[in-house]
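The values are calculated or read from the model by the stated rules, or taken from the named source; none is laboratory data. Since we're looking at a predicted model, the values are computed, not measured. We place every Cβ from the backbone using ideal geometry, glycine too, and count neighbours over all the protein chains shown.
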Amino acid sequence: MRQRVAITGLGIVSAIGNCVNEFADSLFAPKAGIHPITLFNTKGFPVKSAAEIRNFGPFTYPDRKVAYAARAITEAIAQSFGENGVPREKVTVLSLGLKHNFVSFPEMVSANFITIGPDECAQQISKAAGIQASPWIYTAACTASTVAIGTAARAVADGEIDVAIAGGTSSCVSPEWLLTYALMGALNTDANCAAETACRPFDRNRTGMILGEGAGFLILERESSARARNAPVLARICGFGSSLDAYHVSDPCPDGAGALSAMNAALKDARINPEDLSAINAHATGTLKNDSAEAAAIRRLLDGVSHETPVFATKPFTGHLLAASGAVETIAVVSCLTQQKLHPTLNLVDVASDCKLNHVLKNRHLPLRYILKNSFGFGGQNACMVLEKGDSLDE
């Protein structure tokens, strides 16, 4: 029988907090992290807002995402294993969700925004965090870190590995990345839109996503092992599923068929039904096509469910972290399970006719056991996880 997988440590660097406690406090304040861009001069530039990391300190690595990952991993290890750190022989896998570079030639890259490829990034993260483990690298677009966490959780559950550090990191608030997504029509480029309200998932007036940066990492191990060493069981990962639309290079399948397939696969893996879900954390980018397709998929998933399952989104707080978005939003889900309340979907004022769901518009206190986490990406890549609150079953 597959063993249950416990999350025993969390670490985060985000626009709303550079540690888990700050992050959770901002979610429930609620306090968004999207502001006018300060990393470079945006005069004449089509994008004015992003979710930048503030008050981080000096960077010792040329690529910011390495520093973000090292900080987040260090926090997660400290929570799970204490100040002495994790025994090296215990951690056998560092599972990473990373982004491929669009820019291929060094002369095209701004001096202040150096980026490195996934392989070199994994090596530098391992060195910076002091982790000697096998790197599992996933570059599955915006599902990358969800895939990294889900596949690592399966390996832990099946007894293939003892402890995994899993998550993702991103530093795409740069002229090159922002311009790339703006030219694709995916970003909010409305110069008259206030930064704090620029990300509006499911709203009738949504005009595109806002990029963010940061990192999120989790410590995963079998629950029996965690209990044996009195480690905190913050939550459990009990289901993972993925799929591929095979529809379009960037657009989702309009009826949400691929997204629905991944959600159903995650529920099947968790051995639960849609009726059992306490809530759904939506991918919810704030783009017209993505939000519409995801809402359609969620409605199909919940068809026949006797209660209105709440749906909430995290990106209005953090921006879209691309490869790292799933990990950061998974930590948001764990925060909700821990505090037994859902954070709101900020800036949702006028729900679009094609996005009708039971949206969470303010902090909502309710019993939470299972939350479904959605991640969907370019190329029709879909990945979903079911998380369970840490103390939901009698031990």
(message) Suppose we filter Ala246, Ala284, Ala270 for residues that are among the aliphatic types (A, V, I, L, M) and either on the phi < 0 side of the Ramachandran plot or in the same structural domain as Glu196 (by TED's automatic domain parsing) (or both); which single one remains?
(response) Ala270
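Do we have any residue at all in the range 239-260 that's closer than 26 Å to Phe23 by Cα and not in a loop (DSSP other than H, G, I, E, B)?
Initial filter on the range 239-260 (closer than 26 Å to Phe23 by Cα): 239-240.
Subset that is not in a loop (DSSP other than H, G, I, E, B): 239-240.
Yes, the conditions are met somewhere in the range 239-260.
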(request) Note down all Cβ pairs under 6 Å where the first residue falls in the range 317-333 and is over 17 Å from Ala152 (Cβ atoms), the second is charged (D, E, K, R), and they're at least six residues apart or on different chains. (result) Leu322/Lys99
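Take Gly17 and tell me if it is at positive phi, more than 18 Å from the chain's Cα centre (by Cα) and assigned by TED's automatic domain parsing to the domain that holds Gly168. Spell out the reasoning first.
Numbers: at positive phi: yes; more than 18 Å from the chain's Cα centre (by Cα): no; assigned by TED's automatic domain parsing to the domain that holds Gly168: yes.
When the stated conditions are applied, Gly17 does not pass them.
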(message) Would you confirm whether or not the range 145-159 contains a residue that is in the same structural domain as Ala76 (by TED's automatic domain parsing), in a loop (DSSP other than H, G, I, E, B), more than 10 Å from Ala323 (Cβ to Cβ) and modelled with pLDDT of 90 or more?
(response) yes
(request) Identify all residues within the range 212-238 that are more than 22 Å from Leu368 (Cβ to Cβ), assigned to a strand (DSSP E or B) and not charged (D, E, K, R); write none if there are none. (result) Gly212, Gly214, Ala215, Phe217
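Within the range 332-342, restricting attention to residues that are of a type outside the set (S, T, N, Q) and over 12 Å from His359 (Cβ atoms), which residue is surrounded by the fewest Cβ atoms within 10 Å (Cβ to Cβ)?
So in the range 332-342, the residues of a type outside the set (S, T, N, Q) come out as 332-334, 336-337, 341-342.
Remaining after also requiring over 12 Å from His359 (Cβ atoms): 332-334, 336-337, 341.
Working: Ala332: 27, Val333: 25, Val334: 24, Cys336: 28, Leu337: 26, Lys341: 16.
In this case the residue turns out to be Lys341.
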